[in-house]
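Colleague: Here you go, one structure.
The values are calculated or read from the model by the stated rules, or taken from the named source; none is laboratory data. Note that the coordinates shown come from a computational prediction; the quantities given were computed from them, not determined experimentally. Here Cβ is always computed from backbone atoms with ideal geometry, including for glycine, and neighbour counts include all displayed protein chains. The area values use the complete protein model at the heavy-atom level, side chains included, leaving out ligands, DNA and RNA. Shrake-Rupley method; radii C 1.70, N 1.55, O 1.52, S 1.80 Å.
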Amino acid sequence: MNQPTNEVQSIRKIIAASSVGTVIEWYDFYIFGSLATVIASQFFPKTNPTAALLSTFATFAAGFIVRPFGALVFGRLGDLIGRKYTFLLTLIIMGSSTFAIGLVPGYQTIGFAAPIIVLILRLLQGLALGGQYGGAATYVAEHAPPGRRGFFTSWIQTTATLGMFLSLGIILITRHVLDPDLTKSISKFNSWGWRIPFLLSILLVIVSVYIRLRMKESPLYVKLKTEGKTSSNPLRESFAHRSNLKMVLLALFGATMGQGVVWYTGQFYAQSFIENSCKIDFDQSRTILLWAILFATPFFVVFGGWSDRVGRKWIMLVGMLLAIVTYRPLFGKLLSTADEKNKTEILIKQEINTNLKPIAGTQNSLRTTITRHFLDKGMVLTETKTDTAYADPGRATVKPEVKVSKLLGTTDYWTMIVIVFIMILYVTMVYGPIAAFLVELFPTKIRYTSMSLPYHIGNGIFGGLTPFIALLLTTIYTGDKLVGLYYSIIVAGLSFLIGALYLRNRIDSDVNN
Amino acid sequence: MNMIKRIAGVLWIIAGPLAIYYLVKTAVAEINRKPLIDTKIQWTVFVIVFIPIAIGIVIFGYYAVKGEYDHLPENSAEITD
C-alpha cells in the first residue's frame, strides 16, 4: 500500500523540481523578447547601422537558429553523461547569461562592446534553451509509471506557457512600481528598471540549481549505464542511421512542425496582432494574454492525461485541424472587436490637448496633440499626433506622425480574452501530449538527442519565425490584414496531413526498449 | 493505406524543390524591392534555414516511397542499421 504512495510522492517531487527549472529557463528566454524594444534602445541604437545589424542577428540567430544547435550539443551530452547534469548545465548557462544581460552597461557607456556582449549572451541563451526541454521531458518520462506518461510529462508542457506568464507578469509589475506616478514609473523602467527582471533571474536560478542538485539521475539511464549500453556516438546513431532518421523526420513533419506554429500563433502572434494590428494599449494587450494563459494552462494536464487513454496522435491532430479551420474567423473577430468604426463616438466627451516643446537651436517647436475619443461599449481611443510647428507661418508642416492606442471596455476586453483562450486551448491540445509522444518514439540511449532536434526545429524555426513571417506577409500582400495567418495555416495543414497519414496512435507501454 | 503513404511520398519529394524555388524567388524580389540590411539579413536567414528543412522533406518523401513508413518500429531492436 505504501509503495505506490511513495512512488506518487517521488514522481511529484521529480516533476516539481524539473518544472521549476524549466519555467525559469523559459522566463529567462522570454524576457529578452518581451523587452526587445527597450533593449534595442539601450544596446542597439538605430543611428549606428552596425549596432542595428547586430540587433537583427540577436533576434534571429539566437532565438531561432541557435536553438537546434543547442539541441544537438546538449542532447548529445545528455545521452553521453546523463540527463541530470546536462539540464543542470543548461540551467546555469541560461541563468548566468540572463543575469549578465542585466549587468551590461549600455551603448552610451561602453560603446560597441555593449551590443557585442549582449549578442553573445543571447546566443548562449538560445543554446541553453535548445538543451533544456529535451532533458526535462526525458527525465520526467523516464521516471513516470507506464500508462501515466502523458499525464506526468504534461506538467513539463505547462512550463513554457508559465514562463511566459511569469515574464509578462514581472515586466508589468516592474513597469508600475518604480514610481507612484505611472508615466514616471514607465520612464524609469525604460531607463534602468528593465534590468530588474534580468537580475531577478539569478535568485530563481539559485533556488532551482539547489533543487536540481538534490535530484537523482533517470533510472532508465542509470540502468543503461550500468549495463554499458549507452551510446558512444548519439549524433551518428540519431541522424546517420536510416531507421532512426526516418522517425526524426516523421516527428518533425508529422507533429512538431504543426505544433510549433499553432503554439506561436496562439500566444506570440496573437499578442503582437492585438497590440500592433488591433492597436490595443500596451498593458491591456498583455493582461488579455495573461488571463487567457491562466484559464487555459490546466488543459495541458487535461489533454496530456487524456492522451494516456486515447493515444497522443488524434488529440494533437484535432488541435491542429481546429486551428487551421478557425484561425481566420478568430483573428477576424479580434479585429472587429477593436474596430472603432463599429462603435459610436460620444462627441461631447472628446478631449484635445496640445503641447509645444521648443526644439533646441531653432525657433520651431515639437507639437504633440493628444485627442481622446470616447466611444460606446467603454472604448477610449487615444490618438497622438506629433509634428513640427514652424515659426515661419509660410512654411507648411510635414505630415504628422500618428500613434493610435485603444483601451477596451469590459465586454470587448473579455471577448478578446475568450478568443485568445480558445487559441491557447488549441496550444494545449497540440503541446500537452507531445513530450510523451516524442519520448515514446526514440530509444533510451539516444532519446535526448533524437527528440531535441525535431522539437527545436519545429518550435524554434517553424514556430519561432511565425510572428516575423506573418508580419512580412502583411507587408507583401497589403490588402488582407489576416494574410499573415496563411503561413501558420499552410504549415499546420501540411503537418496535419503527414501526421494523419503516417503517425500511429499506439501508446508505448515500455520506453525502456 | 500503405499504398497511399507511398504515393503521397512523391508529393513530399516534389514539395521540397518547390518550396526552395518559391522561397528564393520571394527573397530576391523582396530584397530588390527593399534593399535594406534588415531585409537582406531576414531573407538570407530564411533561405539558409529552410533549405536544409526542404531537403529533409525530400528525404522523408523518399523514405515514404520506399515503404519505410509501412511499419513503424515498436522497440529498439527494430532500429538496427
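Colleague: Looking at (1) in contact (Cβ under 8 Å) with a residue 24 or more places away in the chain; (2) open to solvent by 30 Å² or more (accessible area, probe 1.4 Å); (3) under 30 Å from A:Val402 (Cβ atoms), which is the one condition that is false for A:Tyr269?
Modeller: Evaluating A:Tyr269 over (1) in contact (Cβ under 8 Å) with a residue 24 or more places away in the chain; (2) open to solvent by 30 Å² or more (accessible area, probe 1.4 Å); (3) under 30 Å from A:Val402 (Cβ atoms) leaves (2) as the failure.
Residue by residue, here is whether (1) aromatic (Phe, Trp, Tyr); (2) open to solvent by 10 Å² or more (accessible area, probe 1.4 Å); (3) part of a helix (DSSP H, G or I) holds:
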residue	(1), (2), (3)
A:Asp79	no, no, yes
A:Thr86	no, no, yes
A:Pro115	no, no, yes
A:Gln125	no, no, yes
A:Leu129	no, no, yes
A:Pro146	no, yes, no
A:Trp155	yes, yes, yes
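Colleague: Could you tell me whether any residue of region A:292-315 is assigned to a helix (DSSP H, G or I) and within 13 Å of chain B (Cβ to nearest Cβ)?
Modeller: Looking for residues that are assigned to a helix (DSSP H, G or I) and within 13 Å of chain B (Cβ to nearest Cβ), one finds at least one in region A:292-315, hence yes.
Conditions (1) open to solvent by 10 Å² or more (accessible area, probe 1.4 Å); (2) touching a Pro at 6+ places or on another chain (Cβ under 9 Å), marked per residue:
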position	(1), (2)
A:Lys403	yes, no
A:Val418	yes, no
A:Val430	no, no
A:Ser452	no, yes
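Colleague: All but one of (1) assigned to a helix (DSSP H, G or I); (2) farther than 30 Å from B:Phe60 by Cα; (3) not hydrophobic (A, V, I, L, M, F, W, C) hold for A:Gly258; which doesn't?
Modeller: That leaves (2) as the condition not met.
Colleague: Going by the conditions given, is B:Tyr63 open to solvent by 20 Å² or more (accessible area, probe 1.4 Å) and at the interface with another protein chain (Cβ under 7 Å from one of its Cβ atoms)?
Modeller: Taking the combined requirement at face value, the residue satisfies it.
Colleague: Give just the number: which of (1) at the interface with chain B (Cβ under 10 Å from one of its Cβ atoms); (2) in contact with an Asp or Glu (Cβ under 9 Å, 6 or more places away or on another chain); (3) over 29 Å from A:Gly135 (Cβ atoms) does A:Thr474 not satisfy?
Modeller: (1)
Colleague: If you don't mind, another one. Tell me yes or no: at least one residue of region A:338-347 is open to solvent by less than 70 Å² (accessible area, probe 1.4 Å), touching a helix residue (DSSP H, G or I) at 6+ places or on another chain (Cβ under 8 Å) and under 17 Å from A:Val418 (Cα atoms).
Modeller: Within region A:338-347 (the criterion being open to solvent by less than 70 Å² (accessible area, probe 1.4 Å), touching a helix residue (DSSP H, G or I) at 6+ places or on another chain (Cβ under 8 Å) and under 17 Å from A:Val418 (Cα atoms)), the answer is yes, since at least one residue qualifies.
Colleague: Would it be correct to say that A:Thr362 is assigned to a strand (DSSP E or B) and over 34 Å from the mean Cα position of the chain (by Cα)?
Modeller: Against the criterion (assigned to a strand (DSSP E or B) and over 34 Å from the mean Cα position of the chain (by Cα)), A:Thr362 does not qualify.
Colleague: Moving on. List pairs: first in region A:67-93 and under 14 Å from A:Thr138 (Cα atoms), second surrounded by 19 or more Cβ atoms within 10 Å (Cβ to Cβ) and of a type in the set (A, V, I, L, M, F, W, C), Cβ under 7 Å, 6+ apart or cross-chain?
Modeller: A:Ala71/A:Leu453; A:Gly75/A:Leu453; A:Asp79/A:Ile446; A:Thr86/A:Phe74; A:Thr86/A:Leu77; A:Phe87/A:Ala136
Colleague: Here's something else I'd like to know. As an exercise: evaluate A:Thr411 against (1) open to solvent by 60 Å² or more (accessible area, probe 1.4 Å); (2) within 14 Å of chain B (Cβ to nearest Cβ); (3) over 30 Å from A:Thr86 (Cα atoms) and give the number of the one condition it does not meet.
Modeller: A:Thr411 satisfies all of (1) open to solvent by 60 Å² or more (accessible area, probe 1.4 Å); (2) within 14 Å of chain B (Cβ to nearest Cβ); (3) over 30 Å from A:Thr86 (Cα atoms) except (2).
Colleague: Mind listing just one residue for me: the one in region B:31-58 that is surrounded by fewer than 17 Cβ atoms within 10 Å (Cβ to Cβ) and either of a type in the set (D, E, K, R) or closer than 16 Å to A:Leu453 by Cβ (or both) and, of those, nearest to the other protein chains (Cβ to nearest Cβ)?
Modeller: My answer is B:Asp38.
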